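The values are calculated or read from the model by the stated rules, or taken from the named source; none is laboratory data. Because the structure is predicted, anything quoted here is derived from the model rather than measured. Every residue, glycine among them, receives a Cβ derived from its backbone with ideal geometry; neighbour counts consider all protein chains shown. For the accessible areas, the whole protein counts, side chains as well, though only heavy atoms, and no ligand, DNA or RNA atoms are used. Shrake-Rupley method; radii C 1.70, N 1.55, O 1.52, S 1.80 Å.
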Amino acid sequence: DSSLSKCIYGIAAYNLNMEKLGLEFFKDSLNIDLTDATRHTRHGLHMANMGGTYLLLIYGLLGLRLEKQLRIAPAYQNHFKEISIGILYQGSKIKIHVKDYVVTVTSDKPIRIRLFDEDVLVEGQHSELIKKA
């Protein structure tokens, strides 16, 4: 019943390649404040849910994981045409950009990451096609 459940369920759905279900949870989570779904917005924004929605984007859609090394495995999906985010990881400024089923990772310093299931050294820019599950 928690509003945060939708965020976690959305992450799980994208990880299980259930795009439609993941999208529904994303919309539900995103709209809690936008549509005043819980009738509490007059008291302020639901900050925990906003954080959960961000995590759904990061862990669900972009597939980020902190393992032995940073792992990036964006979900193959049709609803978001372009996603871009910048992060700081081990002192490197990393930009992750997804557009037209291509993920591009850019780093200001050489850094070894895991892109999908492959170890890659990102030196400047590295692009790969997102594979359909």
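Below, the figures for the structure above:
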{"read-out": "Heavy atoms of His46: accessible area, 1.4 Å probe, square angstrom to 10", "value": "60"}
{"read-out": "Exposed trypsin sites (Lys or Arg not before Pro) absent: longest stretch of the chain, with sites in DSSP loops and at most 11 other Cβ within 10 Å deemed exposed", "value": "82-130"}
{"read-out": "Unit charges at the beta carbon, dipole of region 59-127: most positive-side option, His97, Ile87, Ile111", "value": "Ile87"}
{"read-out": "Share antiparallel - DSSP beta bridges, the chain, percent rounded to 5", "value": "95"}
{"read-out": "Full-extension gain in nm, Leu66 to Val120, via 0.36 nm per residue minus C-alpha separation", "value": "17.9 nm"}
{"read-out": "Value of [θ]222 nm, deg cm²/dmol, for the chain, DSSP H segments ≥ 4, -39500 (n - 2.57) each, nearest 500", "value": "-9000 deg cm²/dmol"}
{"read-out": "Candidates Ile96, Ile87, Ile32: whichever shows maximal mean-square fluctuation once the chain is modelled as a Gaussian network with Cα springs under 10 Å", "value": "Ile87"}
{"read-out": "Pairwise label distance in nanometres, Lys81 with Lys132, each label 7 Å out on the Cα-Cβ vector", "value": "2.0"}
{"read-out": "Net lengthening on full extension, Ser5/Lys99 (0.36 nm per residue, minus Cα-Cα)", "value": "31.0 nm"}
{"read-out": "Given Lys6/Lys81; Lys20/Lys93; Lys27/Lys109; Lys6/Lys109; Lys27/Lys68, the pairs whose alpha carbons are separated by over 30 Å", "value": "Lys20/Lys93; Lys27/Lys109; Lys6/Lys109; Lys27/Lys68"}
{"read-out": "Sum of side-chain charges, Leu88 neighbourhood, beta-carbon under 14 Å (Lys, Arg +1; Asp, Glu -1)", "value": "+2"}
{"read-out": "Area projected by the alpha carbon convex hull of the chain, averaged over all directions, nm²", "value": "8.6"}
{"read-out": "Under Karplus coefficients 6.51, -1.76 and 1.60, residue-wise ³J(HN,Hα) of region 116-126 in Hz, glycine/proline x", "value": "6, 10, 10, 6, 9, 9, 8, 10, x, 9, 9"}
{"read-out": "Backbone N within region 45-81 under 17 Å of label point (7 Å from Lys20 Cα along the Cβ vector)", "value": "76-80"}
{"read-out": "Theoretical gain in end-to-end length, Arg112 to Thr35 [0.36 nm per residue, Cα-Cα removed]", "value": "23.5 nm"}
{"read-out": "Kyte-Doolittle mean at least -0.5, axial Cα span of 15 Å or more - DSSP H helices of the chain", "value": "3-15, 19-34"}
{"read-out": "Candidates Gln77, Gln69, Gln90, ranked by Gaussian network fluctuation over the chain, Cα under 10 Å, top entry", "value": "Gln90"}
{"read-out": "Contact order normalised by residue count of region 16-133, Cα under 8 Å, 6+ apart, percent", "value": "18"}
